[in-house]
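Worksheet: the structure to be examined is printed underneath.
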Amino acid sequence: MVTVITVMKFILGRKENMVSFVGSDGLATGATLLSVGPLVVTQVKTKETDGYNAIQVGFGTRATKNISKSVLGHTKDLGNFSVIREFRVEDVGVWKKGDTIDASSFMVGDDVTVSGTSKGKGFQGTVKRHGFHGGPRTHGQKHSEREPGSIGGGGRAGGRVAKGMRMAGRMGSDRITVKGLHILGVDTENGKILVSGCVPGHTGTLVEVVSK
């Protein structure tokens, strides 16, 4: 997964829970608490050597037996990371291998974009998945209140089901990016940041926080 940014503010974290935040104006708004960093820079990629500028970072820990030898050789003495991600940047001159990135990179008021994987909802019908209204509840209705209705036939798409037809199927577990959020609080000692609004995923979901 690669994210392209121009300003050097980014971090990985885990979604903890939603809270109610009361601002200085006395108004309560929804916010999400994230446990972030620290990240360790595992590689600095440049256009000359790799064809593009990017910062590769490692996050979290996992048992050595669960990591391939190639990855162990790549990270060496930097740590046994559970997650390795890249962030494309315009200028890589401010980083070097082994640098640490933590919550102190962000400040209250920073505008951020948060990306993560949404909750998986399994196989769902058209009413839940696409917002279909279903059939009427009177006029002879019996077993088809939530049925999708016609999906094609001889008079449509040449007697076949058209590609892209909205039907029942797997729902959720998609990569979602939420823009227009901002930092409400930063706890550098405990590695937590408070972000306005909702963040995709369940408790423990890996999220990317980028300030543009």
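Points worth noting:
- By the helix-only formula, in which each DSSP H run with n ≥ 4 contributes -39500 (n - 2.57) and the sum is divided by residues, the chain has a 222 nm mean residue ellipticity of -1500 deg cm²/dmol.
- For segment 131-147, Karplus couplings with θ = phi - 60° (6.51, -1.76, 1.60), whole Hz, Gly/Pro x: x, 4, 8, x, x, x, 8, 10, 6, x, 4, 9, 10, 10, 4, 10, 6
- Net length gained if the chain between Ser118 and Asp174 were fully extended (0.36 nm per residue, minus Cα distance): 19.6 nm
- For trypsin sites (Lys or Arg not before Pro), the sites in segment 12-64 that DSSP calls loop and that have at most 13 other Cβ atoms within 10 Å are Arg62.
- Lys47 paired with Lys9, simple spin-label distance in nm, labels 7 Å along Cα-to-beta-carbon: 2.6
- Of the trypsin sites (Lys or Arg not before Pro) found in segment 100-186, the ones in coil according to DSSP and having at most 15 other Cβ atoms within 10 Å of their Cβ are Lys119, Arg137, Lys142, Arg146, Arg160, Lys163, Arg166.
- Restricting segment 1-101 to GluC sites (Glu not before Pro) that sit in a DSSP loop and have at most 12 other Cβ atoms within 10 Å of their own Cβ leaves Glu90.
- Label-point separation, Arg156 to Lys142 (7 Å along Cα→Cβ), nm: 2.4
- Backbone N atoms of segment 170-212 closer than 20 Å to the 7 Å Cα→Cβ label point of Lys128 belong to residues 170-176, 200-203.
- Residues listed by number, segment 183-202, amide nitrogen under 12 Å from Glu16 label point at 7 Å toward C-beta: 185-195
- Computed from label points 7 Å out along Cα-Cβ, the spacing between Ser35 and Asn190 is 1.1 nm.
Only the coordinates and a few stated rules stand behind these numbers; no lab work does. Everything numeric in this text was worked out from a predicted model, so none of it was measured. Quick reminder, even Gly has a Cβ in these numbers, built from the backbone with ideal geometry, and neighbours come from all protein chains shown.
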